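A.B. asks: Pasting a structure below so you can have a look.
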Number of protein chains: 2
Amino acid sequence: MQDVKELREKAPSLSNPEEKAKLVRKWCLVSTTEAGSGHPTSCLSAADITTVLFDRYFTYDVNNPLNLLNDHFVLSKGHAAPLLYTLFGMAGAYPLEELKTLRKFGSRFEGHPVPKYKYADAATGSLGQGLSVGAGLALVAKREGYESKTYVLTGDGELAEGQIWEAANFAAHEKLDNLVAILDINRLGQSQETMFGHHIDEYARKFEAFDFEVIEIDGNNYEEINQALQAVQKPSGKPFAIIAKTFKGHGISFLENKDGWHGKALKKEELEKALKELAPINDDLRFQLKKPTQTKSPQQASNKAVTDLSFEQGKEYATREVFGDVLAKLGERNKEIYALDGDVMNSTFTQTFKKDHADRFVECYIAEQNMVSVAAGLSRMGKVPFVATFAAFLTRAADQIRMARVSEANIKFVGSHVGVSIGEDGPSQMGLEDISLFGTLPDAVVLQPCDALSTAQLISQMIAYAGFAYMRTLRPKTPLIYKNEDSFVIGGSKVLRQSGNDMLTVAATGITVFEALKAADELQKENISIRVVDCYSIHPIDATTLKKCLGETKQKILITVEDHFEHGGMGDFATAALSGQQGQVIKMAVQTISQSGTMDELLNDAGIDAEHIVAKVKAVPEVKK
Amino acid sequence: MQDVKELREKAPSLSNPEEKAKLVRKWCLVSTTEAGSGHPTSCLSAADITTVLFDRYFTYDVNNPLNLLNDHFVLSKGHAAPLLYTLFGMAGAYPLEELKTLRKFGSRFEGHPVPKYKYADAATGSLGQGLSVGAGLALVAKREGYESKTYVLTGDGELAEGQIWEAANFAAHEKLDNLVAILDINRLGQSQETMFGHHIDEYARKFEAFDFEVIEIDGNNYEEINQALQAVQKPSGKPFAIIAKTFKGHGISFLENKDGWHGKALKKEELEKALKELAPINDDLRFQLKKPTQTKSPQQASNKAVTDLSFEQGKEYATREVFGDVLAKLGERNKEIYALDGDVMNSTFTQTFKKDHADRFVECYIAEQNMVSVAAGLSRMGKVPFVATFAAFLTRAADQIRMARVSEANIKFVGSHVGVSIGEDGPSQMGLEDISLFGTLPDAVVLQPCDALSTAQLISQMIAYAGFAYMRTLRPKTPLIYKNEDSFVIGGSKVLRQSGNDMLTVAATGITVFEALKAADELQKENISIRVVDCYSIHPIDATTLKKCLGETKQKILITVEDHFEHGGMGDFATAALSGQQGQVIKMAVQTISQSGTMDELLNDAGIDAEHIVAKVKAVPEVKK
């Protein structure tokens, strides 16, 4: 642990930081009172440390928030948004008066930071995620040799979130000594004192044990703040944690260290009283941020498809393995692609990418939450991160996925081992909620190719799509059913069986495509023709084709079959696409918690194999006539 | 840190533990080879320590796994299931020969433990959850004064999961000195060496910093194991961590500490070679477990409804506040009810329960993953845990919720602050995926009452329902619209507007009920009658009533309106319920990421307010004729 008093290098002298901090405090209070809600006291505890940071150390071009050489300031305690807005306002990014629109409809100053506020590196507000985002930013800077620093301001309550310790492990393992966690230990959570109150030694011991360079300070003492921030300018091989003992509401006597003030704006008369305490305030004070000496912008990623992969007709491939091969190939041309994995690279096959592009592979170990938020940081730096693990374990990061979507991050997810078709490992390993998880998020693309060729093309499509895209890959090998001249697009589908005599349509996806084809063959023996569609694009689903099928088949019935739980699955997308059409959608999907067994046993047990499809088709009264 | 050599108390002497461990090893190998898959080497590293545990220390009645006075053994590293199955087999729970059904369809010995294997306290297999489950078990034992111990066997790879550190904080804060984490540090993860390899000091430092009593041992040395297990018998005020340096595949020369053996069963000839190394093996050896001296069974919970709560007609209540009041009342009669919260008890209103029943309130701080898995432990002990936080933050525990469902845990979830109706805080705080999250899980009940009376009754219904049940509660206050004589049941609904002249039906839930009623009033001014249904039970949804409405209205149209994203929401349940009926479902739901603003602005912006319902109704061509 560093003793700030012993810091050898003398920090630069500060000129009247308390005057600037007063102005910061004023606007945190004024904006929240104007809004009628918000968290002013959570801003006030960190006002001093951030004032010194912005006044003396923070290097940033306010005219170019995406300059890759900027420092970063991630507000992990997102409810202190008015502080963030005030800091950049005082850095000249916009007039402070605009802060009076805080929390109002249409304002860029929302209750918690979102991407329309372009100075935020990520949306925050779900606690405990900022250190991971910061680690992602710092990782790119480190690997690409930028001199920037990433500062992450966390609260103390959020240090109870496990993701903090995932991020701490990750940052130390990656030796991110350009990452500075500033812990605002203001003692009070939302409902009561935090677990450790003002015992900052508890945090110090933990961060030291997680291999951080720890500096303990009085976070409302400018000299100690200054010395700590000076100390972190020198890389030491370890990430830094400045553990700042602060007081919630500091600077205003009737707010400071008082219960019952979390998330409450001051009433007008209380505000007046507070401003009197701060008076006199010099409204002309501003931060003069240092600018990076150069500008470096995120690269426009190349979106060329892979054309030099060939697959043999009749041979079987696991789509997860094809994904790894394709990503490695694409990575040759597109230097922005990163792959992240959670100790399952030999299952997801990101190991193929790692082999060729170790400098753009990120091993996140078994810590999926951190992995997703690191990817959000990578995305902000213009990278195209592919996040891969078992589909079931992407669920571990559901909240980080949600927040990355709010952040408008450009992340590609690949979940392997989907559905009961994985076999013997049993339900804990089966991805059966993943279509629902990603499908619920607005504009998230969900894909599930069933063979090698469609997988290869759709990986390219995912990269070309700017935004969230998720691909399900299969554990077992499946036969190649497409040809090189076939093309696959987001929102597309393939009609695999078709005649002028089709009774109805079966829409399948992934492993169930093969069951549907088997069923069609079986039924054909009894002269029952059905249409079979491969809905490799689950969201958006190919409404045009499905409508056409419904219209052209005799019974106006679409049967959907998927290796996923029923609610929130592909069947619901198909149903929505056909809303208002004459006809009926019948959903076949997994209805109960599955078990161990062979793939065939489990597909049968779940009622989604060829046998059940045949039975379902024959159960349509008109089919047997 | 304890030095095992200095342990004052002499551990009891062991008699030939290596002979029993050989038999344990044999069955881990035989069963996985028989299955053709599995993780034998992950079993072997922990075979010695668990053999000593079961042989000398573990107190358990194999004829009554639910005896509350039993010790607990939670296998957090669920992929070592064959070890678990072998241990209880050697304890006489079933013939060892049955282990040859491992991973076969219908066997109770699945790839990872599930509830049909009744000796598992929870389903495991998604890593990093066992310590939290164990903390839940230990918490009940502690609070109710049982002398039992809870042992949790974790792997090393899973220690990267943040939830481990949430659990560690929680266990130390609750002073669970009846909880023993046994860390099997076998160095090798799935795809490569773990982050810290065999540097067990890294783990020791971390667990010490998290206030555990740490004991470092050679985990394949019987004397050190014995001394450590002896040491943990004496409560010390802190939870214990036995950090065992082990070797993956220990005991078989060609497996031990070798790469490439994770998750691989031995081939027949390899098995023969391994068994030769172990020979001679005494197949008659068994564990003689000590039994608890008494039997205590989980209570049958009382399910009486609250009858002594009264609400005033015309007054407004926030359903979240009503939930707190009702739970506190119910807690008087039903002593099995627990409430768990994540530092938002003043928002969810579990604070009302805490006030009356502090001994059954569990403050989990901002660590939702641990909270849910602790609740799974409580459920195993016969408790009825209510887990409450913002609906948005239940997403943080999506994987723990998934696994608790696989565990068949009896947990009640209450998510407050749902939808865009929360207003100014913005999208990070809005629960808009929660119906999808819970609705996707088989048999999970999803409820959303819109007023005080329906809330009160449905809380009782949730308790009466044995299994997963989720309730959405609202941030804003809403008027009382029901009367004391009204009754509300899972699977029910209420028709709020009805005439013989209805054009179509609007099905709403929660806050949108009031928008639908406003819309109906507006339309009535133009002599357009619509039917309005309150779908307070989202899953199961009231199919009978919805079909009746569809059949009785002129246009055979059902419009669903909900403050939730479209996919996976109430509309999809309604659509599924009406599958095969003549008519059309039109879904109105949130389509994009929302923002800050007033409730009315945001309901309007999302297109789910009265104005948009009126417009949607009028857009039906036949309505205006």
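The values are calculated or read from the model by the stated rules, or taken from the named source; none is laboratory data. Computed from a prediction, not measured in an experiment: that's the story for all the values here. Here Cβ is always computed from backbone atoms with ideal geometry, including for glycine, and neighbour counts include all displayed protein chains. The accessibility values were calculated without ligands, DNA or RNA, using every heavy atom of the protein model including side chains. Shrake-Rupley method; radii C 1.70, N 1.55, O 1.52, S 1.80 Å.
A.B. asks: Write out, first by first residue and then by second, each pair whose Cβ atoms fall under 6 Å of each other, whose residues are 6+ apart or on separate chains, and whose first residue, in segment A:24-49, is closer than 21 Å to residue A:221 by Cα while the second is of a type in the set (S, T, N, Q) and outside any helix (DSSP H, G or I).
C.D. replies: Close Cβ pairs (under 6 Å, with a partner that is of a type in the set (S, T, N, Q) and outside any helix (DSSP H, G or I)) amount to A:45/A:186; A:45/A:246; A:48/A:220.
A.B. asks: Does at least one position in segment B:343-351 carry a residue that is within 14 Å of residue B:462 (Cβ to Cβ), at pLDDT 95 or above, assigned to a helix (DSSP H, G or I) and of a type outside the set (S, T, N, Q)?
C.D. replies: No, segment B:343-351 has no match at all.
A.B. asks: Out of everything in segment B:599-620 that is open to solvent by 60 Å² or more (accessible area, probe 1.4 Å) and under 16 Å from residue B:427 (Cα atoms), what residue ends up being farthest from the other protein chains (Cβ to nearest Cβ)?
C.D. replies: B:600
A.B. asks: In segment A:19-39, what residues are within 14 Å of another protein chain (Cβ to nearest Cβ) and in contact with a helix residue (DSSP H, G or I) (Cβ under 8 Å, 6 or more places away or on another chain)?
C.D. replies: Selection gives A:31, A:32, A:33, A:34, A:38, A:39.
A.B. asks: Is segment B:63-79 home to any residue that is among the aliphatic types (A, V, I, L, M) and not in a loop (DSSP other than H, G, I, E, B)?
C.D. replies: The answer is yes, given that some residue of segment B:63-79 is among the aliphatic types (A, V, I, L, M) and not in a loop (DSSP other than H, G, I, E, B).
A.B. asks: Here is a further query. May I ask you to say which residue of B:443, B:425, B:434 is open to solvent by 10 Å² or more (accessible area, probe 1.4 Å), modelled with pLDDT of 95 or more and at negative phi?
C.D. replies: B:425
A.B. asks: Tell me which residues, restricted to segment A:53-90, are within 14 Å of chain B (Cβ to nearest Cβ) and not aliphatic (A, V, I, L, M).
C.D. replies: Once the filter is applied, which keeps residues that are within 14 Å of chain B (Cβ to nearest Cβ) and not aliphatic (A, V, I, L, M), segment A:53-90 yields A:76, A:77, A:78, A:79, A:82, A:85.
A.B. asks: May I ask you to verify whether residue B:565 is aromatic (Phe, Trp, Tyr), open to solvent by less than 10 Å² (accessible area, probe 1.4 Å) and at pLDDT 95 or above?
C.D. replies: yes
Results for (1) touching a helix residue (DSSP H, G or I) at 6+ places or on another chain (Cβ under 8 Å); (2) part of a loop (DSSP other than H, G, I, E, B); (3) hydrophobic (A, V, I, L, M, F, W, C), shown as yes or no for each residue.
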residue: B:124; (1), (2), (3): yes, yes, no
residue: B:127; (1), (2), (3): yes, yes, yes
residue: B:151; (1), (2), (3): yes, no, no
residue: B:154; (1), (2), (3): yes, no, no
residue: B:158; (1), (2), (3): yes, no, no
residue: B:163; (1), (2), (3): yes, no, no
residue: B:166; (1), (2), (3): yes, no, no
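A.B. asks: List the number of the failed condition for residue A:532; all other conditions in (1) at pLDDT 95 or above; (2) within 26 Å of residue B:559 (Cα to Cα) hold.
C.D. replies: (2)
A.B. asks: Same structure again: Taking segment B:234-262 only, how many residues are among the small types (Gly, Ala, Ser) and surrounded by 15 or more Cβ atoms within 10 Å (Cβ to Cβ)?
C.D. replies: Qualifying residue count for the region: 4.
A.B. asks: For residues that are away from every other protein chain (no Cβ under 11 Å) and not in a strand (DSSP E or B), scanning just segment B:421-448, find the one that is farthest from residue A:435 (Cα to Cα).
C.D. replies: B:421
A.B. asks: So which of B:448, B:369 ends up being in contact (Cβ under 8 Å) with a residue 24 or more places away in the chain, open to solvent by less than 10 Å² (accessible area, probe 1.4 Å) and under 30 Å from residue A:426 (Cβ atoms)?
C.D. replies: B:369
A.B. asks: Mind counting the residues in segment B:388-404 that are open to solvent by 10 Å² or more (accessible area, probe 1.4 Å) and either out of contact with any helix residue (DSSP H, G or I) (no Cβ under 9 Å at 6 or more places or on another chain) or more than 8 Å from every other protein chain (Cβ to nearest Cβ) (or both)?
C.D. replies: 1
A.B. asks: Ok, one more. Those residues that are hydroxyl-bearing (Ser, Thr, Tyr), open to solvent by less than 10 Å² (accessible area, probe 1.4 Å) and not in a helix (DSSP H, G or I), I need them from segment B:310-342; list them, please.
C.D. replies: B:338
A.B. asks: Have a look at B:560, B:545 and point out the one that is in contact (Cβ under 8 Å) with a residue 24 or more places away in the chain, within 14 Å of another protein chain (Cβ to nearest Cβ) and either in contact with a His (Cβ under 7 Å, 6 or more places away or on another chain) or among the hydroxyl-bearing types (Ser, Thr, Tyr) (or both).
C.D. replies: B:560
Yes or no, residue by residue, for (1) surrounded by fewer than 21 Cβ atoms within 10 Å (Cβ to Cβ); (2) free of Cβ contacts under 8 Å to residues at least 12 places away in the same chain:
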| residue | (1), (2) |
| --- | --- |
| B:85 | no, no |
| B:92 | yes, no |
| B:98 | yes, yes |
| B:103 | no, no |
| B:109 | no, no |
| B:118 | yes, no |
| B:122 | no, no |
| B:127 | no, no |
| B:131 | no, no |
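A.B. asks: Quick one: count up the residues across segment B:570-581 that are at the interface with chain A (Cβ under 8 Å from one of its Cβ atoms) and not β-branched (Val, Ile, Thr).
C.D. replies: 5
A.B. asks: Tell me, yes or no, whether segment B:580-587 has at least one residue that is open to solvent by 10 Å² or more (accessible area, probe 1.4 Å) and on the phi > 0 side of the Ramachandran plot.
C.D. replies: Yes, segment B:580-587 contains a residue that is open to solvent by 10 Å² or more (accessible area, probe 1.4 Å) and on the phi > 0 side of the Ramachandran plot.
A.B. asks: Out of (1) open to solvent by 10 Å² or more (accessible area, probe 1.4 Å); (2) facing chain B (nearest Cβ under 8 Å); (3) in contact with a Phe, Trp or Tyr (Cβ under 6 Å, 6 or more places away or on another chain), what's the single condition that is false for residue A:205?
C.D. replies: Tallying (1) open to solvent by 10 Å² or more (accessible area, probe 1.4 Å); (2) facing chain B (nearest Cβ under 8 Å); (3) in contact with a Phe, Trp or Tyr (Cβ under 6 Å, 6 or more places away or on another chain), residue A:205 fails exactly one: (3).
A.B. asks: Which ones in segment A:159-202 are of a type in the set (D, E, K, R) and either at positive phi or buried (at least 24 other Cβ atoms within 10 Å of the Cβ) (or both)?
C.D. replies: Within segment A:159-202, A:161, A:166, A:175, A:184, A:187 meet the criteria.
Rundown of residues vs (1) closer than 18 Å to residue A:109 by Cβ; (2) open to solvent by less than 30 Å² (accessible area, probe 1.4 Å); (3) of a type in the set (A, V, I, L, M, F, W, C), yes/no style:
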residue: A:15; (1), (2), (3): no, no, no
residue: A:22; (1), (2), (3): no, no, no
residue: A:26; (1), (2), (3): yes, no, no
residue: A:31; (1), (2), (3): yes, yes, no
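A.B. asks: Which ones in segment A:497-523 are surrounded by 24 or more Cβ atoms within 10 Å (Cβ to Cβ) and not in a helix (DSSP H, G or I)?
C.D. replies: A:504, A:505, A:506, A:507, A:508, A:509, A:510
A.B. asks: Can you say whether residue B:206 is of a type in the set (Lys, Arg) and out of contact with any Pro (no Cβ under 9 Å at 6 or more places or on another chain), as far as the supplied structure shows?
C.D. replies: Numbers: of a type in the set (Lys, Arg): yes; out of contact with any Pro (no Cβ under 9 Å at 6 or more places or on another chain): yes.
Yes; evaluated as a whole, the condition is true for this residue.
A.B. asks: Answer yes if at least one residue in segment B:3-12 is at pLDDT 95 or above and in a loop (DSSP other than H, G, I, E, B), and no otherwise. Spell out the reasoning first.
C.D. replies: Going through segment B:3-12, the residues at pLDDT 95 or above turn out to be none.
Within segment B:3-12 (the criterion being at pLDDT 95 or above and in a loop (DSSP other than H, G, I, E, B)), the answer is no, since none of the residues qualifies.
A.B. asks: Does residue B:139 fit the bill of being under 28 Å from residue B:86 (Cβ atoms), assigned to a helix (DSSP H, G or I) and more than 9 Å from chain A (Cβ to nearest Cβ)? Spell out how you get there, then give the answer.
C.D. replies: Working: under 28 Å from residue B:86 (Cβ atoms): no; assigned to a helix (DSSP H, G or I): yes; more than 9 Å from chain A (Cβ to nearest Cβ): yes.
No: the conditions fail for residue B:139.
A.B. asks: I've got another one for you. From B:553, B:545, which residue is of a type in the set (S, T, N, Q) and either over 25 Å from residue A:584 (Cα atoms) or open to solvent by 10 Å² or more (accessible area, probe 1.4 Å) (or both)?
C.D. replies: Values: B:553 fails: either over 25 Å from residue A:584 (Cα atoms) or open to solvent by 10 Å² or more (accessible area, probe 1.4 Å) (or both).
Exactly one of B:553, B:545 is of a type in the set (S, T, N, Q) and either over 25 Å from residue A:584 (Cα atoms) or open to solvent by 10 Å² or more (accessible area, probe 1.4 Å) (or both), namely B:545.
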